[in-house]
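Taken together, the values in this text are just the output of simple stated rules run on the coordinates, not laboratory data. Since we're looking at a predicted model, the values are computed, not measured. All Cβ positions, glycine included, derive from the backbone under ideal geometry; neighbour counts span all protein chains shown.
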Amino acid sequence: MSEQTPVSPPDGETTETDEQTTRETAAATDEGSETTNDTVSTGAESVVAALEQAGAETLFGVQGGAIMPVYDALYDSEKLTHITMAHEQGASHAADAYGIVSGKPGVCLATSGPGATNLVTGIADASMDSDPMIALTGQVPTNFVGNDAFQETDTVGVTQPVTKHSYFADDSDTVGTDVGEAFALADAGRQGPTLVDLPKDVTKGETDRFPGQPQTPDTYNPPTTAEPEAVDVAAAALAEAERPVILAGGGVIKAEASDELRAFAKEYQIPVITTMPGIGSFPETHELSLEWAGMHGTGYANMAITNTDCMLAIGTRFDDRLTGDVETFAPDADLVHVDIDPAEISKNIEADYPLIGDAAAVLDQLHDAMPVAYEALGTSSEAYEEWREQCQTWKDEYEMEYDMPEDEPLKPQYVVERFSEVADDDAIVTTGVGQHQMWASQFWTFTEPRTWVSSHGLGTMGYGVPSAIGAKIAAPDKEVVCFDGDGSFLMTVQELSVAVREDLDVTYVVLNNEAVGMVRQWQDGFYEGRRMASEYPWIPQFDMLAEAFGARGFRLEDYDSVDEVIEKARNYDGPAVIDAIIDPAENVYPMVPSGGDNGLFALNGDQLGDI
């Protein structure tokens, strides 16, 4: 699977005949469905019933006029829990994170107009990262549509480019089927967001049509296994290689293929690199792990990419933050590209051996094909031994490290490392976007999938606070830690009220450098230090702000207090905020300049100036 959701409706536009066939099939399923309560009287009740049929458990949303009939129907639901968020953007990010952690679509709701448009950032975020999510939006009554009615927006038109498909519900009898189909489509194949726009007269309208089990459109048939002949040829290329690597993208996690990845890599002793969305798919503690690659990835991962002669890339769309200059990305490598979405094959990097299918299924196919390929060539994985030794040499040479002078302020990397050392092995880390996101991904040790929750393709500041809420609700028994920056934290700090109200045991660590740090770093590196609108002349005390919200606040300013403050925050039974005052001059390295050569990365500011 890949990391970005397609922007067009599945398999092109469906015809009126196709839609009628789908509805008739769903109606037939309705007649034979077995439920504890299979009666509805309104379109809104059908919407709620469809969510229950789909197995949804938690909804994130904000009330409003046009969506009110749906909320009224939720009043009687015994299966669905609703979390009232402080802002609709928070609802979409919480639902997104819920989907990442649980693996099934998160659900967010909003009213028409500004409620719907406030969801768009979160929907676009889920689209870029192929996260499963369904958005339900209220809409003005159908006879008002197009008349610029109060709180009217063309929600379908606005969201169609950033969803797998957006539906306009036009019939109380079929609205439940629409919602069920949208839920199923969000989860099927290459996961991603869908949306159903719900006019108020449709949800208030009478119906006795009970929705059946969610079904994808008949026209949507994503592949499962790759063509056997193509698999054999790709396996031969891997077996013939001298310097192979595996590049594991977010699609590995989406496809629940982490076990297959680990088994394949360990069996054939091939070094593993991940993309940022792929973090956790392969344990970073394993000797074969080179961790993640790209603009701020490890030096050893980028060196391996630059020198490999055969890359097995799984579920990645080869975005620019990973590849840098596509002309210099893995320049000597034959590329085996596994993806469930044919649109990603050769879109950015030319694939020599395309394998279209589900990541887990194709990895199993390759696993079975490799022994035959080795035998035919008279080789084995022992041929990679010298290459593995070279990768280890790079790991030693470009070890992730940082300086801690006694006369300089607290280093953020140390805060992340110390927290990682004491946290649960399966703790979930969420982040906002910026320098803190990079430090969290670089210096936390990840060993399990679905423990890294962040905004990758869209790069959405403000993602951290609400995403921690969604993650905790999806996995209530797991420790959840959010690393945020002061700029990112301020964008959605209002959602802290939700964490307090819901009594969620989440620890927020604000790596506070009183700046939009990544912008400031780029200004210093590429704009002659002209710091325009990147530094804050004044900023709140986040520990005190946390207390005002009803959370527990801690202030962290020196190394001697790090362990004690982390322990107190972790032991507090409820939301805690650590305001960590870090070195404002600290930058994120390694760094590959935008559009640069992955093999020419800077380890410090002086080197950056020489590239």
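For GLN390 and THR84, what is the calculated FRET efficiency with R₀ set at 60 Å and r taken between the beta-carbons, to the nearest 0.05? Before the final figure, lay out each step's value.
Values: r = 55 Å, r/R0 = 0.91.
E between GLN390 and THR84, to the nearest 0.05, is 0.65.
Remark on ARG555: its backbone amide H falls under 5 Å from those of ASP579, a criterion applied only to residues 5 or more positions apart or on other chains, H modelled at 1.01 Å from N.
Taking other residues whose beta carbon is less than 11 angstrom from the beta carbon of GLY462, and scoring Lys, Arg as +1 and Asp, Glu as -1, yields -3.
For the range 180-185, the Karplus equation 6.51 cos²θ - 1.76 cosθ + 1.60, evaluated at θ = phi - 60°, returns couplings of x, 5, 4, 5, 5, 5 Hz by residue, with Gly and Pro reported as x.
Cross-link partners for LYS568 among the lysines, with Cα-Cα distance under 27 Å and sequence neighbours closer than 8 places in the same chain left out: LYS411, LYS472, LYS478.
For the chain, the antiparallel share of DSSP beta bridges with both residues in that region comes to about 5%.
Residues GLU495, GLU57 in ascending order of nearby Cβ atoms (within 10 Å, fewest first): GLU57, GLU495. Close amide H pairs (under 5 Å, H built 1.01 Å from N) link MET133 with GLY106, GLY192, THR194, residues at least 5 positions away or on another chain.
Semi-axis lengths, largest first, of the ellipsoid equivalent to the range 228-397 are 20, 19, 15 Å, with √(5λ) applied to each eigenvalue of the Cα gyration tensor.
Order these peptides, 133-141, 591-599, by their mean beta-carbon neighbour count within 10 angstrom, highest first. Intermediate results must be reported in sequence, preceding the final value.
On the way: 133-141: 28.2, 591-599: 18.7.
So the peptides 133-141, 591-599, ranked by packing, come out 133-141, 591-599.
Using the charge dipole of the chain (Lys, Arg: +1 at Cβ; Asp, Glu: -1 at Cβ; taken about the Cα centre), state which of GLY65, ILE566, ALA343 has its Cα farthest towards the positive end. The residue sitting farthest along the positive end of the dipole is GLY65. Taking θ as phi - 60° and the Karplus parameters 6.51, -1.76 and 1.60, the scalar couplings of the range 139-148 work out to 8, 4, x, 4, 6, 9, 4, x, 9, 6 Hz in sequence order, x denoting glycine and proline. Each of ASP560, ASP197 has some number of other Cβ atoms within 10 Å of its Cβ, and from fewest to most they run ASP560, ASP197. Database remark: amide H of GLU291 closer than 5 angstrom to the amide H of THR274 (H placed geometrically; neighbours at sequence offset of 5 or more, or on other chains; Pro and chain starts carry no H). 3J(HN,Hα) couplings calculated from phi for the range 190-206 with the Karplus curve 6.51 cos²θ - 1.76 cosθ + 1.60 (θ = phi - 60°) are, in sequence order, 6, 4, x, x, 10, 9, 10, 8, 10, x, 5, 6, 6, 6, 7, x, 7 Hz; Gly and Pro show x. For the listed peptides 561-567, 522-528, 486-492, a ranking on the average number of other beta carbons within 10 Å per residue, highest first, reads 486-492, 561-567, 522-528.
Shown for SER289, SER346, SER281: other C-beta atoms within 10 Å of each C-beta, ranked fewest to most, produce the order SER346, SER289, SER281. Counting charges near LEU80 (Lys, Arg +1; Asp, Glu -1) among other residues having Cβ under 9 Å from its Cβ returns a value of -2. Projecting label points 7 angstrom from Cα along Cα→Cβ for GLU397 and GLU557 puts them 4.3 nm apart. In terms of the Cα gyration tensor, with a ≥ b ≥ c the square roots of its eigenvalues, is the chain rounded because a/c is under 1.5, prolate because a/b exceeds b/c, or oblate? Note, shape of the chain comes out oblate.
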